[in-house]
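A short worksheet on the structure shown next.
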Amino acid sequence: MADNATAPVRKIIHVDCDCFYAAVEMRDNPDLRERPIAVGGAGRRGVITTCNYPARRFGVRSAMPGGEALRLCPDLTLLPVDMPRYRAASQQVMTILRELTEWVEPLSLDEAYLDVSEVTACKGSATLMAQYLRERVREEVGITLSAGVAPNKFLAKIASDWQKPDGLFVIRPEDVDGFVRQLPVEKIHGVGQVTARRLHELSIFTCDDLRQQRPEQLVEWFGKQGYRLHRLAYGEDDRPVVVTREAKSVSVERTFAADLPNLQACQAVLPSLLEELAGRLSRRGRDKPVHKLFVKIRYSDFSTHTLERVRALSGPPQVDDYQPLLAALVTDAQRPIRLLGLGVRFQASGAPTRQLRLFD
Ligand SMILES: [Mg+2]
């Protein structure tokens, strides 16, 4: 685990589709859009899994028995659960997320954390990345996604809920303190009704109130959770985004503030880019034989080209391994280049999925 005092500031995005099952139903049958609908809840003992916002205005909620929902909203349309269709939509969403970064930790079909600390797309701005993801999901999947951007998971999840539905909320590192202070304790993940009631009885309503208590006192009241509450009251949470898929490739890319004028300039930055790749490989590709190398360039007119070659390596790649690819890819040696990337692909191992973590 990274030491909090020295760890760089992370950029975490939490994404959450709005009323996911109901959203897929409305996408596939626009007549349902303005009507209150709920998925599930049929039969004597059925409960609602999801409902749309028109239904919520009547007080219909998920986990509510269908009968109760119909009493609150007699015009409610109950739809049967169609998991294959929701799973297909989920896969589309996750694919879009994984095109941005491999560091995606799904929490359910429609919710995930992304660690975008090392992503250089969208000028490295997590806010722009979140906007981009929201647009792509709207256009390609046909549903809306709410997103939260923050330096850690705890705050990113709160942020994605802050302007739901179809919202984006950003908590910048410098805003964390002010944001957390006013946060009601019941917004803290893991603080359920029982703990919230207990806190209220102790006159603790906000994280600022929590901060007035010594951690030892909180531990006395709440056991181990007390220490966690103390940390969260300061907006601290160093849980990593955990990826359970095996990495198929590792790459780095850099967008240059001023375009590189020619091939020679690209060759000059190759060693430093390679060093970055080696660092990433030592964390993520440990012991995995390299199967292919690739180079990516983007010219100043934004046209993007990639060249990939089979090259079996037992150790980390060297500058000489990339030089020929770069020379072959840059067909016009005098054309300005704004982005240069290097990567390796691993041999498909067929080995069971292993847990990889960003900070280990
Ligand atoms: Mg959701």
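The values are calculated or read from the model by the stated rules, or taken from the named source; none is laboratory data. Note that the structure is a prediction, hence the values are computed from the model and not measured. Counting neighbours? That spans all protein chains shown, and the Cβs are built from the backbone with ideal geometry, glycine included.
The set of residues in the stretch 237-277 being among the hydrophobic types (A, V, I, L, M, F, W, C), more than 20 Å from L100 (Cα to Cα) and assigned to a strand (DSSP E or B) consists of A257, A258, L260.
Within the stretch 314-360, being of a type in the set (G, A, S) and at pLDDT below 90 holds for S314, G315, A333, A348, S349, G350, A351.
Between a first residue in the stretch 182-203 that is under 19 Å from K157 (Cβ atoms) and a second residue that is modelled with pLDDT under 95 and exposed (fewer than 12 other Cβ atoms within 10 Å of the Cβ), which pairs have beta carbons less than 9 Å apart while being 6 or more apart in sequence or on different chains? Partner pairs satisfying both residue conditions: E186/G192; E186/Q193. The requirement of being among the aliphatic types (A, V, I, L, M), surrounded by fewer than 16 Cβ atoms within 10 Å (Cβ to Cβ) and on the phi < 0 side of the Ramachandran plot is not satisfied by V104. Here S282 does not qualify as closer than 30 Å to F154 by Cβ, of a type in the set (S, T, N, Q) and assigned to a strand (DSSP E or B).
Specify which of the listed residues (V9, V81) is of a type in the set (A, V, I, L, M, F, W, C) and either buried (at least 22 other Cβ atoms within 10 Å of the Cβ) or more than 16 Å from the ligand (Cβ to nearest atom) (or both). When all the criteria are applied, what remains is V9. Do we have Q91 as out of contact with any helix residue (DSSP H, G or I) (no Cβ under 9 Å at 6 or more places or on another chain) and more than 15 Å from the ligand (Cβ to nearest atom) here? The answer is yes for Q91.
Pull up the stretch 59-76, narrow it to residues that are in contact with a helix residue (DSSP H, G or I) (Cβ under 7 Å, 6 or more places away or on another chain) and buried (at least 18 other Cβ atoms within 10 Å of the Cβ), then point me to the one that is farthest from R138 (Cα to Cα).
C73
Across the stretch 41-54, which residue is farthest from the chain's Cα centre (by Cα) among those that are surrounded by 22 or more Cβ atoms within 10 Å (Cβ to Cβ) and within 15 Å of the ligand (Cβ to nearest atom)? It comes out as I48. For the stretch 176-187, state whether one or more residues are more than 30 Å from L109 (Cα to Cα), touching a strand residue (DSSP E or B) at 6+ places or on another chain (Cβ under 9 Å) and surrounded by fewer than 16 Cβ atoms within 10 Å (Cβ to Cβ). Yes: one or more hits. Residue pairs whose Cβ atoms lie under 9 Å apart, separated by 6 or more positions or on different chains, with the first residue in the stretch 8-21 and over 12 Å from L97 (Cα atoms) and the second of a type outside the set (A, V, I, L, M) and within 7 Å of the ligand (Cβ to nearest atom), are C17/D110; C17/E111; D18/D110; F20/D110; F20/E111; Y21/D110.
Here V15 meets the list (1) in a strand (DSSP E or B); (2) under 30 Å from C122 (Cα atoms); (3) away from the ligand (no atom under 16 Å from the Cβ) almost entirely, failing just condition (3). Given the structure, is A150 among the hydrophobic types (A, V, I, L, M, F, W, C), more than 15 Å from the ligand (Cβ to nearest atom), buried (at least 17 other Cβ atoms within 10 Å of the Cβ) and without any contact (Cβ under 8 Å) to a residue 12 or more places away in the chain? In short, no. In this structure, does N29 turn out to be of a type outside the set (D, E), modelled with pLDDT of 95 or more and touching a strand residue (DSSP E or B) at 6+ places or on another chain (Cβ under 6 Å)? Taking the combined requirement at face value, the residue does not satisfy it. Taking the conditions exactly as written (assigned to a loop (DSSP other than H, G, I, E, B), within 15 Å of S251 (Cβ to Cβ) and either outside the structural domain of S251 (by TED's automatic domain parsing) or not small (G, A, S) (or both)), does K288 satisfy them or not? Yes; evaluated as a whole, the condition is true for this residue. Scanning the stretch 264-277 for residues that are surrounded by 14 or more Cβ atoms within 10 Å (Cβ to Cβ) and out of contact with any helix residue (DSSP H, G or I) (no Cβ under 7 Å at 6 or more places or on another chain), we see that the one that is farthest from E308 (Cα to Cα) is A265.
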